[in-house]
Structure formats: C-alpha cells, structure tokens
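What follows draws every value from the coordinates through simple rules; no lab data is involved. Owing to the predicted nature of the structure, the values given are computational and were not obtained by experimental measurement. Don't worry about glycine lacking a Cβ; one is built from the backbone with ideal geometry, like all the others, and counts go over all protein chains shown.
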Amino acid sequence: PINQQQQVEEGNLWRSDCRAKGGSPGFKVAILGAAGGIGQPLAMLMKMNPLVAVLHLYDVVNSPGVTADISHMDTGAVVRGFLGQNQLEDALTGMDLVIIPAGVPRKPGMTRDDLFNINAGIVKTISEGIAKCCPKAIVNLISNPVNSTVPIAAEVFKKAGTYDPRRLLGVTMLDVVRANTFVAEVLGLDPREVSIPVVGGHAGVTILPLLSQVKPACSFTKEETEYLTSRIQNGGTEVVEAKAGAGSATLSMAYAAVKFADACLRGLRGDAGVVECAFVPSQVTELPFFASRVRLGRSGVEEIYPLGPLNEYERVGLEKAKKELGGSIEKGVSFAKK
Ligand code: NAD
Ligand code: LMR
C-alpha cells in the first residue's frame, strides 16, 4: 500500500505530465436536467471548473438555449447540448461523471417524498441510460427524494449487471454547506473555517448533523444544539417557503453540487485525502444506504468512515433517522423492482 505522501506525489506527477503535453487533465461531465433551476447555475459553474474538458448539457426542454449561452464563456471546457429522450444516450456516452438534478422541486406544504411519483420514473429512465452508455461513470444524484432515488438507481444498475456501489452517490452536500453556515453564525466564525459532518439521509429527521464533531472543536448549549439541528434539518423548507411556490433551493444547491462534483473529480484524478459526506451504499449501520463521511478516489468511494463517537442527543436522533430512512429506502427498492 502506498502512503498519503506518495499519493500526493503521484497526483502531482500526473498533473505535470498532463501540463507538459500541453493540456490540463480534463474529465467528461454530463448534467441531466441542465435547463432547470439547479441545472443552469450548475452548468455555468462546471464550465468554470478547470478539471472539466467536455461538458454535456441534457434536458427535455430548453437545453439548446442554455448550451448556446454557456458555450460563449471563454473557459476550457467544450460544451455540447442534448435535447429530449432520444438524445439521452449520446449525452451519456463516454462520460466520467454524471450529475443529475432532473425532476420536479417542492412547493410549500409538500414533503420531498411527495415528489416520489414523478421523480422516481425520471431517475429510473436516466439510470437505465447510464447503465447502457457509461456504466463506469461516477453518478451524483441530486433529484429528490434522495433517500429513495439512490436505491432506485442501485436497483436499475443491479438489474443491468453494471452495479458498482463505489460509483453511486446521493448528494447531501447542501446539508453540510448549511450546517457550516449556520454553525459559523452561532460561533461568530468564518464559515470556511467550520466543518460539520452531516449523516443519515436528506429529508427532515434523517438529516443528522453531528455537532459534537464540529471543527474547530467547541461545545454548544442544549438550546444552541436544538436550534442548529432544527435549522439544518429544515433548511430546505426554509427556502421553499421563502420562494413561495417558485421552487426550492437552486443557487446554494448548484454551489454545493459543484463543490461535491469537484471533490469527485479530484478523487478521480488521484488526489489524496478527498473526504466529503454523501448518501451511499453503506455498512455503517444496518441500513443498506446511509450518508456519512467518505473518501473519494480513482474508483469513486474508496473508504466509508464510521460515524465516530455520538453524544446522547445524537444517539436519539440517529434512531429517529434510521426509522424514517428504512421506509424511504424500501419504497425506492420496491418501485424499481416492480
Ligand atoms: P426545476 O424544475 O427548476 O428543474 C428540473 C429540470 O429537470 C427541468 O429543466 C426539467 O425540464 C428537467 N427534467 C424533467 N424531466 C426530465 C427528464 N426525464 N430528463 C432530464 N431532465 C428532465 O427543478 P430544480 O429546482 O432544478 O430541482 C431539481 C431537483 O433537485 C428536484 O427534485 C429537487 O427537489 C432536487 N433538489 C435536491 C437537492 C439536494 O440537496 N439533493 C437540493 C435542491 C433540489
Ligand atoms: C433542499 O434541501 O433544499 C432540497 O432537498 C430541496 C427541498 O425540497 O427542500
């Protein structure tokens, strides 16, 4: 086994080799749902990412306009647009990373699970395309309800014989981004200095911030813990209500999705020590999927870290999270098996 320092050196060698050959290391990335509220700013930010060589923008509406617009940016990535289901396969062929924000968002009064009936079918069709055209791609699944859509994708890949649990990741980065922001506010710190693991899933009580593991280390009062946990768990609803019928988080989500995609690409490049939270096939608990800290590498998720020490408040939260999460996972699995 090689150590971290060797991995860093190996990564640096690879990068300088790429530069010596006159280019930067470039990956091929597809965004499915690229004309949507998340898709558009996500496409813009990925066009600005130096690790991206080719950017495919797919949607069932409006992708030609978004593609023409983004393609005028004077950054390295080559942009191509794909419109409608009969161009899905071309959009996916050869991709290293597929990011999926396709599907309907919440309106006030809805839960993420209320989106299941529409989004489950969308994710199933897209997953079938991935299994056929780019079975080795890393998949970043954003479409809600993530707690069910990730199990759906897994079942589709199993059925197609292409399943690699290391390459399927539900994006929970926005929960971490929110946790860092809200905790920094309470502590009076710069959010860039704060890091909180958020584990479990991506809906209500399944979102479990581990405030006892905050970095830099510090402690919270009972009131602060309750306020922060509730604010992080309800961050999505806070935005849905403020947008009053015009959708859910799009800009902070695009930011979070790019932060996460960039980590996946740095992992693929061979960088050492790339660690983020994600909802993945997991043995960290008795459930088949769970969000926790994972190390990203050349084959996707290379290590899943245990939850670490929890305090009593977090232990109670974990039991509640597992109860709800189990049902959501089962719902996704049985939909895909039908
Ligand atoms: P949106 O309605 O603005 O955009 C969705 C896009 O998906 C639209 O352009 C639509 O045409 C496209 N689409 C629909 N069916 C498609 C298909 N079969 N193939 C390809 N594209 C298709 O919605 P949004 O605000 O961008 O949100 C998208 C999804 O992301 C929602 O399900 C939302 O709940 C979810 N979301 C998840 C997180 C998270 O943290 N994981 C955060 C925010 C939103
Ligand atoms: C979020 O957390 O903002 C997303 O899951 C969208 C939503 O419906 O809340």
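Net charge around Phe220, counting only other residues with Cβ within less than 15 Å of its Cβ (Lys, Arg = +1; Asp, Glu = -1)?
Values: positive: Lys215, Lys222, Arg231; negative: Glu185, Glu223, Glu224, Glu226, Glu312, Glu314.
Spelling it out: positives minus negatives among the neighbours equals -3.
Here segment 266-338 is treated with +1 on each Lys and Arg Cβ and -1 on each Asp and Glu Cβ, and its dipole about the Cα centre works out to around 320 debye. By the count of neighbouring beta-carbon atoms within 10 Å, fewest first, Ser148, Ser219, Ser252, Ser292 end up ordered Ser219, Ser252, Ser292, Ser148. Scalar couplings 3J(HN,Hα) for segment 306-323, obtained by applying the Karplus form with A = 6.51, B = -1.76, C = 1.60 to θ = phi - 60°, are x, 5, x, x, 10, 8, 4, 4, 6, 4, 5, x, 4, 5, 4, 4, 5, 4 Hz; x denotes Gly and Pro.
When the pairs Lys158/Lys338; Lys124/Lys338; Lys124/Lys158; Lys215/Lys322; Lys47/Lys259 are compared against a 18 Å limit on Cα-Cα distance, Lys215/Lys322 fall above it.
Whole-percent P(r), segment 185-270, all Cα pairs, 5 Å bins from 0: 3, 12, 16, 23, 21, 15, 8, 3, 0.
Calculated mean residue ellipticity, 222 nm, the chain: -14500 deg cm²/dmol, from DSSP H runs (n ≥ 4) at -39500 (n - 2.57) each, averaged per residue and rounded to 500. Beta bridges per DSSP, both residues in the chain: antiparallel share near 45 percent. Using a simple spin-label model with pseudo-atoms 7 Å out from Cα toward Cβ, Cys218 and Val61 lie 4.5 nm apart. Largest mean-square fluctuation among Gly161, Gly39, Gly76, in a Gaussian network model of the chain whose springs join Cα atoms under 10 Å apart, belongs to Gly161. Between Asp113, Asp164, Asp74, the residue with the greatest mean-square fluctuation in the GNM of the chain (Cα pairs under 10 Å linked by springs) is Asp74. Separation of segment 284-338 from segment 154-218 is 11 Å, based on Cα centroids.
Quote the relative contact order of segment 263-338 in percent (integer), defining contacts as alpha-carbon pairs under 8 Å separated by 6+ residues.
On the way: 92 pairs, mean separation 17.9, N = 76.
Reported as a whole number, the value is 23 percent.
Annotation: the chain has a Kirkwood hydrodynamic radius of 20.3 angstrom, from the mean reciprocal C-alpha pair distance.
Shape annotation for segment 44-158: C-alpha extents along the principal axes are 41, 35, 26 Å, from largest to smallest. One equal scatterer on each Cα of segment 193-338, no solvent, Debye formula: the resulting log10 I(q)/I(0) at q = 0.21 Å⁻¹ is -1.46.
Which whole-number percentage describes the relative contact order of segment 32-165, with Cα contacts under 8 Å and a sequence gap of 6 or more? List each step's numbers first, then the result.
Values: 220 pairs, mean separation 28.9, N = 134.
The normalised contact order for segment 32-165 reaches 22 percent.
Relative contact order for the chain: what is it in percent, counting Cα pairs under 8 Å that are at least 6 residues apart? Write down the numbers at each step before the final one.
On the way: 678 pairs, mean separation 58.5, N = 338.
That works out to 17 percent.
If I build a Gaussian network model for the chain, linking alpha-carbon pairs within less than 10 angstrom, which residue out of Thr221, Thr125, Thr250 has the largest mean-square fluctuation? Between Thr221, Thr125, Thr250, it is Thr221 that shows the largest mean-square fluctuation.
Based on other C-beta atoms within 10 Å, arrange Tyr305, Tyr255, Tyr58 from fewest to most. Numbers along the way, then the final one.
Numbers: Tyr305 14, Tyr255 17, Tyr58 29.
Lowest to highest Cβ neighbour count: Tyr305, Tyr255, Tyr58.
Can you put Ile118, Ile304, Ile207 in order of Cβ neighbours within 10 angstrom, beginning with the fewest? Don't skip to the end; give the middle numbers.
Numbers: Ile118 12, Ile304 18, Ile207 26.
Taking fewest neighbouring Cβ atoms as first place, the list is Ile118, Ile304, Ile207.
In summary, the aspartates and glutamates within cross-link reach of Lys337, defined as a Cα separation below 16 angstrom excluding same-chain residues under 8 places away, comprise Glu128, Glu155. Which value results when the Cα radius of gyration for segment 40-100 is divided by 2.2 N^0.38 Å? Relative to the 2.2 N^0.38 Å estimate, segment 40-100 comes out at 1.03.
Kirkwood hydrodynamic radius of segment 146-191, from the reciprocal of the average inverse Cα-Cα distance over all distinct pairs: 12.8 Å.
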